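Readers should treat all values here as calculations from the given coordinates under stated rules, not as data from a laboratory. Treat the numbers as computed from the prediction; the structure is a model and nothing was measured. Cβ: placed from backbone, ideal geometry, glycine included. Neighbour counts: every protein chain shown.
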Amino acid sequence: MPAQWQLRDAALSLERPVGAGIVNVTDDSFYEGARSGTPEQAVEDALRLAEAGFEMLDVGAVAARSGPPVPTQEEAGKLIPVLEALASRTEIPLSADTFSAEVARAALAAGAAAINDIGGGSEEMFDLAAKTGCGLVLMHIEGPPRHQRGPTAYDDPVDHLKGWFASRLEAAAARGVSESQIVLDPGLDFDLSVADDLEILRRLPELKDLGRPLYVSLSRKDFLGALLSGSWEGRSPATEREWATASAATLAIRGGADILRLHDASTLQAMRIAAAIERPDGTRVG
C-alpha cells in the first residue's frame with residue numbers, strides 16, 4: 001500500500017494517519033459548529049484547526065446536504081479568498097471541497113493542492129487533475145450531489161464499492177490521471193443506509209485491496225446520530241455526536257483508514273492514539 005498521496009507540488013506522507021480539518025465557508029452545513037459564515041471567519045477557524053494539530057485543511061463553500069444549485073460565481077467568491085489567505089499564512093496542504101471543475105480550477109490557482117470531489121469524478125475533473133497533477137479525493141456517489149435520494153439497495157455494499165471504484169479508477173487513468181494522485185472515500189451517508197455504513201466500516205480492509213489510500217469522512221455523520229437514538233427519523237443532532245465520532249474514528253484507523261476528515265480536535269487525539277497502538281512503525285515520540 002502506498003505510504004504517500006501525491007498532491008500538486010509535493011507528496012503527503014501517510015506513514016501515519018492524517019487528520020484533515022473541515023472548514024465550511026457556509027451558514028447551512030449540517031453541523032452548526034462548523035459554519036464559518038464569511039471568508040474572514042473561515043480563515044480564523046482554519047488557523048485554529050492548524051494550531052490544534054491538523055495536518056491538512058479541507059475548505060468548502062457549498063454544503064453537501066440536498067438543496068438548489070449554488071452558482072459557480074457564488075461558490076468561488078466564498079472559497080477562493082479563503083484559500084488565498086491560508087496559502088500565505090500556513091504551509092499545511094489545502095484541499096478544496098468542490099464538485100465543480102470550474103471552481104476547482106480557480107481553487108488550484110489560489111493555492112489548493114488537492115480537490116475533494118463529492119461528485120464521483122467527471123471527465124472534466126479528471127482532465128483538470130491530469131493537467132495540474134493535483135491530489136484528488138474520489139468519493140462514491142450514485143447520482144448528482146445535493147439531490148435528495150433514498151439509499152440504494154445493495155446485495156453487498158463493499159463488493160459494490162470495490163466494483164464502482166475500480167471502474168472510476170480506470171476512467172481516471174484513461175484521462176491521464178496518475179493513480180498516485182487518487183485517494184478513495186467510501187461516501188458514508190451518501191446513497192448508503194446505516195447498515196451499509198456499518199458494514200463498510202467493518203470491512204474497510206477489503207477496500208485496501210484496490211491499492212489506494214482510504215479517505216474516510218465520518219465526522220458527526222447522520223448514521224452516528226441514528227445509532228445513538230435508535231432510529232433514522234429521530235436521530236440525535238450533529239451537536240451530540242462528538243464522542244460517537246471519536247469511537248468510529250478509532251475503529252476506522254484499525255480498519256486501515258489513511259486520512260480522516262474531521263471537525264474536532266478530540267477526534268484527532270483519538271485518531272493519533274489509535275494509530276500509535278495499531279501502527280507503531282509510524283509513531284514518533286521525542
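Assorted remarks:
- Length released on extending from Ile277 to Glu142, taking residue separation times 0.36 nm less the Cα-Cα span: 45.0 nm
- Only Lys, Arg (+1) and Asp, Glu (-1) charged, at Cβ; the chain dipole about Cα centre in debye: 460
- In this structure the amide hydrogen of Leu7, modeled in the peptide plane, comes within under 5 Å of the amide hydrogens of Leu12, none closer than 5 places in sequence on its chain.
- Alpha-carbon Rg/Rh ratio, for the chain, with Rh computed the Kirkwood way: 0.93
- Antiparallel content of DSSP bridges confined to the chain, in %, to 5: 10
- In the chain, taking the dipole from charged Cβ atoms about the Cα centre, the farthest positive-side position among Leu57, Ala10, Ser193 is held by Ala10.
- DSSP bridge orientation in the range 1-129 - percent antiparallel, rounded to nearest 5: 20
- Positive-end residue, the range 4-280 charge dipole about Cα centroid, Cβ charges, pick of Thr90, Ser167, Gln148: Thr90
- Inter-label distance for Asp155 and Ala265, nm, one decimal - labels placed 7 Å from Cα along Cα-to-Cβ: 4.9
- Fully extending the segment from Glu206 to Ser167, taken as 0.36 nm per residue of separation minus the present Cα-Cα distance, adds 12.4 nm.
- Taking 19 Å as the cut-off, the amide N atoms of the range 134-166 that come nearer than this to a point 7 Å along the Cα-to-beta-carbon line of Glu199 belong to 140-143, 150-166.
- Of Ser229, Leu210, Val177, farthest towards positive along the dipole that unit charges on Lys, Arg, Asp, Glu beta carbons give the chain: Leu210
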